[in-house]
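Here the structure comes first, spelled out in structure tokens, and everything after it is commentary.
The values are calculated or read from the model by the stated rules, or taken from the named source; none is laboratory data. Not measured: the values here are computed from a predicted model. Cβ placement follows ideal geometry from the backbone for every residue including glycine, while neighbour counts extend to all protein chains displayed. The accessibility values were calculated without ligands, DNA or RNA, using every heavy atom of the protein model including side chains. Shrake-Rupley method; radii C 1.70, N 1.55, O 1.52, S 1.80 Å.
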Amino acid sequence: MTRSYDIFIGSFVPGTSVLHRLDPRTKLAGLLVLLTVVFSLTSATNVAVSLVCAVGMAVSSKAGYGVWMVTLRRFKWMLFLVLILNILFVREGAPVTPGNVGLPFTYDGLERAAVLTIQLTAAIVLSMSFTLTTSPLDITKGFSTATRRFRNRFPVDDIGIVLLLAMRFIPLLQQEVRTIVEAQKARGVEFGRGRLVSRASNLAAVLVPALSASFRRADTVALAMTARGFEPGRPRSEFRPLRFSALDMYAGVFIAVYAAGQIILASQS
């Protein structure tokens, strides 16, 4: 069982939920459609429906309450900054004047800040629902298979390998940085105190070992791939080819109906 504090951005949580059983190509196409709907339809009704859909996807992933709390907590400062910056710097519309007291923001700023924050939250939840229920290998296979017709023009297989390695390295790099930070704290290094020069020096004590470990790990991966006969551009076979199922058809119908419903709501608002 995966513990919540072992979850990093882009991590995969094994399971048997409906989202886990979908073909990765279905999930890739569905994610693209859902994100397009989230950011292109900006009425209050559409945004609210998008958030409900995102929450439904999160529940369907069956990743667990603790996993989602740890995951979303990492984005709290980004969402807070988006909210505050839109409230303070959007000057269109009537100013907010409760009790004839002028406040330094407008109703349009409040509305835009709320809409954009909800849109980003929905997009984050949808993206995390995808990564939590799809292994990096399946994402790579889905991408490579979906773009196979462009193989003669673009090195889609090599792009897929790069995508796989990047997704593998992100959790490893995060874990490496966390280990180094904890080791430096055990040695008495304080990251939140002191002057700017002292803080920069403490930060270098983390970045230098992290970069060194990343280069060392990349060299090890390159040697392992070479030892296994990997050659860029060379055709490779698949042990378990991807196949669509009836569940993918139902998911496609659901996404199409959802997108059409959102467009109808946008036209009526």
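Arg243 satisfies every condition listed in (1) assigned to a helix (DSSP H, G or I); (2) modelled with pLDDT of 80 or more; (3) farther than 18 Å from Thr179 by Cα except (1). For the stretch 89-110, a residue qualifies if it is of a type in the set (A, V, I, L, M, F, W, C), modelled with pLDDT of 75 or more and open to solvent by 70 Å² or more (accessible area, probe 1.4 Å), and exactly one does: Phe89. Scanning the stretch 119-149 for residues that are small (Gly, Ala, Ser), open to solvent by 30 Å² or more (accessible area, probe 1.4 Å) and at pLDDT 80 or above returns a single hit, Ser127. Within the stretch 37-88, the residues that satisfy the criterion of being open to solvent by less than 40 Å² (accessible area, probe 1.4 Å), small (Gly, Ala, Ser) and at pLDDT 85 or above are Ser43, Ser50, Ala54, Gly56, Ala58, Ser61. Against the conditions (1) open to solvent by 30 Å² or more (accessible area, probe 1.4 Å); (2) in contact with a Phe, Trp or Tyr (Cβ under 8 Å, 6 or more places away or on another chain); (3) modelled with pLDDT of 90 or more, Leu116 satisfies every one except (2). Of everything in the stretch 160-186 that is over 21 Å from Arg74 (Cα atoms) and under 20 Å from the mean Cα position of the chain (by Cα), the residue that is most open to solvent (accessible area, probe 1.4 Å) is Val162.
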